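Visitor: The structure's right below; bear with me while I get my questions together.
The values are calculated or read from the model by the stated rules, or taken from the named source; none is laboratory data. Since the structure is predicted, the reported quantities are computational estimates derived from the model, not experimental observations. In this analysis, Cβ positions are derived from the backbone assuming ideal geometry, glycine residues included, and neighbour counts consider all displayed protein chains. Surface accessibility is based on the protein's heavy atoms, side chains included, excluding ligands, DNA and RNA. Shrake-Rupley method; radii C 1.70, N 1.55, O 1.52, S 1.80 Å.
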Amino acid sequence: MTTFSKKKTKLSKNELFSLTKLVFLIPITIIILLLIFLWSSSSTIISGNIIHLCFQSRKLNDLYCISAGTHPNLEAPSSFSSNVTTKFVDDLQQKSTRLGIPIPPGYHAFRNGMVKSDEELLVAYNDVEDQLEMHRSWTSTSQNHNATLCDGRGIYVYELPTKFNKDLVSQCADMVPWVDLCDYFSNDAMGEAVQKLGKGWYQTHQYSLELIFHSRVMTHPCRVQNISEAELFYVPFYAGLDVLRWHFKNVTNDVKDSLGLELVKWLESQPTWFKRSGKDHIFVLGKISWDFRRYSNSNWGSRFLELDEMQNPVKLLIERQPWHLNDIGIPHPTFFHPQSDNDITKWQLKLLNESRKSLISFAGAARPDAPESIRSMLINQCTSTSECKFMNCSSGSCDQPESIIELFIESEFCLQPPGDSPTRKSVFDSLISGCIPVIFDPFTAYYQYPWHLPQDYKKYSVFIDQEDVRNMKVNVVDRLMKIPAGEKQNMRKYIIYELLPGLVYGDPKSKLEKFQDAFSITMNNLFERLTRLEL
């Protein structure tokens, strides 16, 4: 009895020692697992001039972000020495992406007391290039926009309750305080005809993509009425108009999110939604991605694209979120909507024979409330020489399509600095006018439109780093004057012959046989993507 008690006491001490070790090990294990989880669930996103390395849990709605940006109102922590900042910037200036695009220096401001290294910034930029490479792997090789496209496959257009589309359009007069959008949404959303520019030209609004795409899908040769015959499913939810109608009204975030949540609930009642976990569903959103990715401390936009249910579907946007694979950029709608191959050919010949009176033009306005913007510097450089023609959009002169197009037709180079967001409709207006765009931020075009613009950006544009402009290291006019005439001619021919047809959205009644327009290219590649996913 006594022996047994002593043995039991001894075992209890061993157990106590083991338990003590275990107690110390558990926190370490938990920390390691937590770090692995955070790393595996991290993502890098960009907002304006700020890059965020963000961590997110599926159970949490909010992102935790380590941010680096160029905004002067962001201050570096006091513990972050100026010597480290200088070295950081100097090292960063030596880096460039695989495409040869320099990583912007000047990321001097940090939040949460954590420093994002230049190596991490380089990785972030290369990551977006990896995603664009994946997008380009889905590019269809078919040169005929009808042949081999369907191949027994169909696209089904959901007949949504009207509150998700038509009822939103009916609010056109009340969406934006200073403009009535109803005229813009006429003629299948092409707007009123612009007779001065000729056949196929319309007063098209930059936010009309959702309506234009819907009209085209309805007459697509692969559209099927029987849902069982479909491989792709188009959801005609006008989420951009839903966001736009609340931009200038004092409503809660719950109100802004309500229709998107209703849409998801409606989709979950459809058996087809679960066929491929939403990967075969297509959304077309006629605003920039950030308008659907509202941060928790912001009142701007909705959280539609942050919903778990929206991660698998393809989202076609005029400006994509660069680090979301299923965000795909497609061209802004331009003013030109040809009905036939002949309409395109005539326009191409006109552009080739046009005399370019101005070396450079810039249609835009200054951004006095955005100190980091280079627009004022470009305006000063432009107005100080006869080689550059400036159209001040703050005066309303840019509201007429003929004014913009005539300016671009007469110009060899068109300056395209970022505005409220990196992309600009003006980039596409300049390209369809045969004017070589001058890009200052790779997120304006190079990291946006893999199906419609080539990887080699030097074929159709000139890149000047906006940091060099901001730091007065380059005079844009002097730089462009040095480009040889032969080089300019080759770029212009490439734009007119190779790019232009694929950057316009044809009239819904169009019958293009020789050319593929922006819509046809997009549809071809959506089918090709589905094929690749099934391999």
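Visitor: Over the stretch 376-519, what is the mean sequence separation of C-alpha contacts under 8 Å (at least six apart), divided by residue count, expressed as relative contact order in percent? Could you put the intermediate results ahead of the total?
Guide: Working: 159 pairs, mean separation 29.6, N = 144.
For the stretch 376-519, the relative contact order is 21 percent.
Visitor: Would the stretch 148-260 count as rounded, prolate or oblate if I go by the C-alpha gyration tensor, calling it rounded below 1.5 in a/c and otherwise prolate when a/b exceeds b/c, oblate otherwise? Let's see the in-between values first.
Guide: Numbers: a/c = 3.14, a/b = 1.25, b/c = 2.52.
Since a/c reaches 1.5 but b/c is at least a/b, the shape of the stretch 148-260 is classed as oblate.
Visitor: While we're on this one: Counting Lys and Arg as +1 and Asp and Glu as -1, each charge on the Cβ, what is the dipole of the stretch 488-532 about the Cα centre in debye, to the nearest 20? Could you put the intermediate results ahead of the total?
Guide: Working: 8 positive and 5 negative charges, 33 e Å.
Dipole about the Cα centre, nearest 20: 160 debye.
Visitor: Also: Which peptide among 275-283, 195-203 comes first, and what is the full order, when sorted by highest mean count of other Cβ atoms within 10 Å? Before the final figure, lay out the partial values.
Guide: Details: 275-283: 18.8, 195-203: 17.1.
Those peptides, ordered most packed to least, come out 275-283, 195-203.
Visitor: Which of Pro161, Val251, Thr219 sits farthest toward the positive end of the charge dipole of the stretch 126-259, with +1 on the Cβ of Lys and Arg and -1 on the Cβ of Asp and Glu?
Guide: Among Pro161, Val251, Thr219, the one farthest towards the positive end of the dipole of the stretch 126-259 is Thr219.
Visitor: If I model a spin label as a point 7 Å beyond the Cα along the Cα-Cβ vector, how far apart are those points for Asn299 and Asn250 in nm?
Guide: Rounded to a tenth, the inter-label distance reads 0.8 nm.
Visitor: When a/c reaches 1.5 or more, the comparison of a/b and b/c decides; with that in mind, is the stretch 249-405 rounded, prolate or oblate per its Cα gyration tensor? Show your work: numbers first, answer last.
Guide: Numbers: a/c = 2.95, a/b = 1.61, b/c = 1.83.
Note, shape of the stretch 249-405 comes out oblate.
Visitor: Just list whichever of Lys199/Lys488; Lys315/Lys458; Lys287/Lys315 have alpha carbons separated by over 19 Å in the model shown.
Guide: Numbers: Lys199/Lys488 28 Å; Lys315/Lys458 28 Å; Lys287/Lys315 11 Å.
Checking Cα-Cα distances, Lys199/Lys488; Lys315/Lys458 exceed 19 Å.
Visitor: Also: Report the charge-dipole magnitude of the stretch 146-189 in Debye, nearest 20, computed about the Cα centre from +1 at each Lys and Arg Cβ and -1 at each Asp and Glu Cβ.
Guide: In debye, rounded to 20, the stretch 146-189 gives about 200.
Visitor: Note down the magnitude of the dipole of the stretch 205-286 about its Cα centre, charges +1 on Lys and Arg C-beta and -1 on Asp and Glu C-beta and zero elsewhere, to the nearest 20 debye. Walk me through the numbers on the way to the answer.
Guide: Working: 9 positive and 9 negative charges, 25 e Å.
Using only the charged Cβ atoms, the result is roughly 120 debye.
Visitor: How far, in nm, would the chain grow between Ser394 and Lys458 when pulled straight, counting 0.36 nm per residue and subtracting the alpha carbon separation?
Guide: Numbers: separation 64, 0.36 × 64 = 23.04 nm, distance 3.09 nm.
Full extension of this stretch gives 20.0 nm more.
Visitor: Place +1 on the Cβ of every Lys and Arg and -1 on the Cβ of every Asp and Glu in the stretch 406-528, take the dipole about the Cα centre, and give the residue among Pro501, Pro484, Cys414 whose Cα lies farthest towards its positive end.
Guide: Pro484
Visitor: Provide the gained length on full extension for the span Met472 to Ser384, in nm with one decimal, where the gain is 0.36 nm per separating residue minus the Cα-Cα distance.
Guide: Working: separation 88, 0.36 × 88 = 31.68 nm, distance 1.51 nm.
Gain on stretching Met472 to Ser384: 30.2 nm.
Visitor: Oh, and also: Given Cα pairs under 8 Å that are at least 6 residues apart, what percent is the relative contact order of the stretch 211-325? Mind dumping the intermediate values first?
Guide: Working: 125 pairs, mean separation 31.9, N = 115.
So the answer I get is 28 percent.
Visitor: Something else about it: When all protein chains stay in place, what accessible area (Å², nearest 10, 1.4 Å probe) is found for Glu410?
Guide: 50
Visitor: Let me ask something else. Taking a ≥ b ≥ c as the square roots of the Cα gyration tensor eigenvalues, with a/c under 1.5 meaning rounded and otherwise prolate when a/b beats b/c, else oblate, which class fits the stretch 263-337?
Guide: Numbers: a/c = 1.95, a/b = 1.23, b/c = 1.58.
Here the stretch 263-337 falls in the oblate category.
Visitor: Which value, in Å², gives the accessible area per residue of the stretch 414-535 when a 1.4 Å probe is used on the protein heavy atoms?
Guide: 35
Visitor: Set the Förster radius R0 to 45 Å, insert the Cβ-Cβ distance between Lys166 and Glu120 as r into 1/(1 + (r/R0)^6), and round the FRET efficiency to 0.05. Can you show the working numbers first?
Guide: Details: r = 46 Å, r/R0 = 1.02.
With a Förster radius of 45 Å, E is 0.45.
Visitor: Taking the alpha-carbon distance from Lys275 and a cut-off under 16 Å, which aspartates and glutamates remain once sequence neighbours fewer than 8 residues away in the same chain are dropped?
Guide: Glu229, Glu231, Glu309, Glu534
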